[in-house]
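The values are calculated or read from the model by the stated rules, or taken from the named source; none is laboratory data. This one's a predicted model, so the numbers in the text were calculated from it and none came from an experiment. So basically every Cβ, Gly included, is an ideal-geometry build from the backbone, and we count neighbours across all protein chains shown.
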Amino acid sequence: MKIARLLKENMETYGFVKEDKVLTKENMTSQTGIPIPQNIKDFLFDGWYNEIKTKSTQLNYNERLSDFKLLPPIPNPSKIICLAFNYIDHAKEQNLIPPDEPAIIIKPRTTLNGATSDIICPSFVSKLDYEIELALIIGSDCKNISEKEAKEVVFGYMILNDASARDVQAKDKQFTRAKGFDTFAPCGPWITTADEIPDPQNLKMITKVNGVVRQNSSTSNMFLNVYSVVSMLSQVMTLEKGDIISTGTPAGVMLNKPDAVFLKEGDKIEMEIDGLGKLENTIRFV
């Protein structure tokens, strides 16, 4: 199932996406008589989704996806956790060895941005970079779980662009401010539930800037796999339903490249991961 958070005529809703059609929560209620909650997190994680899912094949998708703006699928996660240097090819291009435990950065939830919205960058940033990442959404609270148990708590997946101000990163010697600007985490375009992604470690991923391929890799190049990451992070902190974990980026970013071509005003970024859809964002400096 693909579940999107949507905006139409300044009214927020959410619903299931099937190709170019949408079944909104309002239509779910009208067709089933089930009073769907207003909050998408309540719907996804408190039993409503499982109830509606059993009826989904009988429901009519009667609105056009093109009539809606795509919002970040999860509006207010308690945590957005991003991994550094978790791809073998990316670590190699930085002359590093991937860490055997997650090296993490916490992004504030104000970085969240829609799949087709502009990335707004302050004018004092001179080295804006992109990072395509496979992000997962935690479906239930957990602590100190095994890898096997981790598989059961992953609700679904989406694409996340971990946009980064490399000049700020170099100045600060750490990543929080560089990755923490508002709009610096375009994501979505929807949540694809885990049952539709049987092998998250075999997904092709591509980043294009103005139509030119910059990143062309696969989640098979991940050093710590999805379930190892979830298990290891749960030894550190309680993971809560709705938390986002973004699992690192492959080779092809501009970081530390002598011939780096950083993002500029008007650049268009496309990011695709097999089975998860596409992000299409434009760069704006203010």
*Listed residues S246, S231; which is farther than 30 Å from F124 by Cα and of a type in the set (G, A, S)?*
S231
*asked:* Quick check on my filter: what residues within the stretch 119-130 are assigned to a loop (DSSP other than H, G, I, E, B) and crowded, with 24+ Cβ neighbours inside 10 Å?
replied: Y130
_Single residue of D118, D129, D162, D89 found to be within 15 Å of the chain's Cα centre (by Cα), under 19 Å from K208 (Cα atoms) and either of a type in the set (D, E, K, R) or assigned by TED's automatic domain parsing to the domain that holds L44 (or both)_ = D162
*Which pairs do you get when a residue that is in contact (Cβ under 8 Å) with a residue 40 or more places away in the chain and assigned by TED's automatic domain parsing to the domain that holds T57, found in the stretch 27-47, comes within reach of a residue that is assigned to a loop (DSSP other than H, G, I, E, B) and β-branched (V, I, T), reach meaning Cβ atoms under 9 angstrom, with the pair 6+ apart or on two chains?*
K41/I74; L44/I74
*Of the residues S78, S123, which single one is under 15 Å from the mean Cα position of the chain (by Cα) and among the polar types (S, T, N, Q)?*
S78
*Can you give me the number of residues within the stretch 1-26 that are touching a Gly at 6+ places or on another chain (Cβ under 7 Å) and free of Cβ contacts under 8 Å to residues at least 12 places away in the same chain?*
0
*Can we say F16 is surrounded by 18 or more Cβ atoms within 10 Å (Cβ to Cβ) and either on the phi > 0 side of the Ramachandran plot or over 18 Å from the mean Cα position of the chain (by Cα) (or both)?*
no
